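Notes follow once the structure below has been shown.
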Amino acid sequence: MSHLFNTFHTKRINVFFDESGKGIKQRPNLLGSLSIPKKIYDCDDIQYMNWFLRKKSFHIHWKNYNGGRMDKANIQNLIELFISYKDLIKLNIINYHYGFLSSQPLFEQKDVEATIYSKLPERLIYGLIRGYGSEATVAADIYIEAANEYERINLNETLVTDLNSQSLYRGEKFIATSCEMLPKNTEVGLELTDVLLGLIRTIIQNPNIEGAGRSTKEKVNFTVELLQDKGLKNILSDIKYYEWRGHKQLTQINFSDYIDSFLLQHHY
């Protein structure tokens, strides 16, 4: 009877996970997960950039961007590289409320961290690798930027176990085959996730740049410039963006409304 559960082919994907904003003072608190087919990620142009990244020929970090010419060029090159594959890229985002979690008197800090760094990532990635149809299997390799919070709970191990348990329990056709925690600037997929989270953060905050510091002004101006590219704007408009404020379910929000509000203030 095993033939009843066989699929015709296996789709292999790479999944990248990162975050932006920790604690109540760094709102919004964002978790993001990006998927791209392994066949695309292994293309020469992407691996060529990966090679230079690992050789430390350049670095990418949205948080540190303050208008530097080389930093700007590196981010532009990274985005342009992936825009040509925009139809094959998926991005899920959760904007969670750290204040709600930390204000629950019955729970310790370890319970808060387990929710943020275990349950929410599992929900994000589950949404990316499920639902490809009953006639195809999805095999996912997961990459996470190393952080103390993840290491304390062995996220690279628990995430694989939790996802595969979900797949078995729900009769899904996916398997998490591996999960690695990697240092920063070792995978362009992680850096792309970092940059997209940074852009999303800037768009949500929609700061008033009058009297703001240089870094804030440069991020806003660069975000406006990048959004003139319809490919990038489409990627951000089509993300599955959820907000969680302590309710039983995640609330899906149309992120294009945030983009419109941002451009209305800073572009028109």
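The values are calculated or read from the model by the stated rules, or taken from the named source; none is laboratory data. This structure is a prediction, so every number in the text was calculated from the model and none was measured. Ideal geometry is used to build each Cβ from the backbone, glycine not excepted, and the neighbour counts take in all protein chains shown.
Within region 232-268, the set of residues being of a type outside the set (A, V, I, L, M), touching a residue at least 40 places away in the same chain (Cβ under 8 Å), farther than 30 Å from Leu101 by Cα and surrounded by 15 or more Cβ atoms within 10 Å (Cβ to Cβ) comprises just one member, His266.
Working only within region 83-114, note down all residues that are modelled with pLDDT under 85 and surrounded by 15 or more Cβ atoms within 10 Å (Cβ to Cβ). Within region 83-114, His97, Tyr98, Leu101, Val112, Glu113, Ala114 meet the criteria. Pairs linking a residue in region 162-182 that is in a strand (DSSP E or B) to a residue that is among the acidic types (Asp, Glu) and surrounded by fewer than 19 Cβ atoms within 10 Å (Cβ to Cβ), with Cβ atoms under 8 Å and 6 or more positions apart or on different chains, are Thr177/Asp141; Ser178/Asp141; Cys179/Asp141; Cys179/Glu157; Glu180/Asp141; Met181/Glu151.
Filter region 158-175 down to residues that are closer than 16 Å to Leu120 by Cα and surrounded by 15 or more Cβ atoms within 10 Å (Cβ to Cβ), then give me how many there are. Explain how you work it out, then say what you get.
Just the residues of region 158-175 that are closer than 16 Å to Leu120 by Cα, to begin with: 158-166.
Checking the rest, the ones that are also surrounded by 15 or more Cβ atoms within 10 Å (Cβ to Cβ) come to 158-160, 162-164, 166.
Residues meeting the conditions: 7.
Step by step: first the residues of region 176-196, then only those that are of a type in the set (S, T, N, Q) and surrounded by 16 or more Cβ atoms within 10 Å (Cβ to Cβ), then the one that is farthest from Asp229 (Cα to Cα). Which residue is that?
If we filter region 176-196 for residues that are of a type in the set (S, T, N, Q), which is where we start, we get 177-178, 185-186, 193.
Filter once more, so that each one left must be surrounded by 16 or more Cβ atoms within 10 Å (Cβ to Cβ): 185-186, 193.
Values: Asn185: 25, Thr186: 27, Thr193: 18 Å.
Applying the filter and picking the extreme gives Thr186.
Quick test for you: out of Ile129, Ile153, Ile144, Ile175, pick the one residue that is at pLDDT 90 or above and within 20 Å of Asn29 (Cα to Cα). Give the derivation first.
On the way: Ile129 fails: within 20 Å of Asn29 (Cα to Cα); Ile153 fails: at pLDDT 90 or above; Ile175 fails: within 20 Å of Asn29 (Cα to Cα).
Of Ile129, Ile153, Ile144, Ile175, the one residue that is at pLDDT 90 or above and within 20 Å of Asn29 (Cα to Cα) is Ile144.
Of all residues in region 229-258, those that are hydrophobic (A, V, I, L, M, F, W, C), more than 17 Å from Ile89 (Cβ to Cβ) and in a helix (DSSP H, G or I) total 0. Per this entry, Ile204 is counted among residues that are in a helix (DSSP H, G or I), in contact (Cβ under 8 Å) with a residue 12 or more places away in the chain and under 27 Å from Tyr117 (Cβ atoms).
Take Ile144 and tell me if it is over 19 Å from Ile13 (Cβ atoms) and part of a strand (DSSP E or B).
Working: over 19 Å from Ile13 (Cβ atoms): no; part of a strand (DSSP E or B): yes.
The answer is no for Ile144.
Taken together, the criteria place Leu78 among residues that are out of contact with any strand residue (DSSP E or B) (no Cβ under 7 Å at 6 or more places or on another chain), under 22 Å from Lys90 (Cβ atoms) and surrounded by 12 or more Cβ atoms within 10 Å (Cβ to Cβ).
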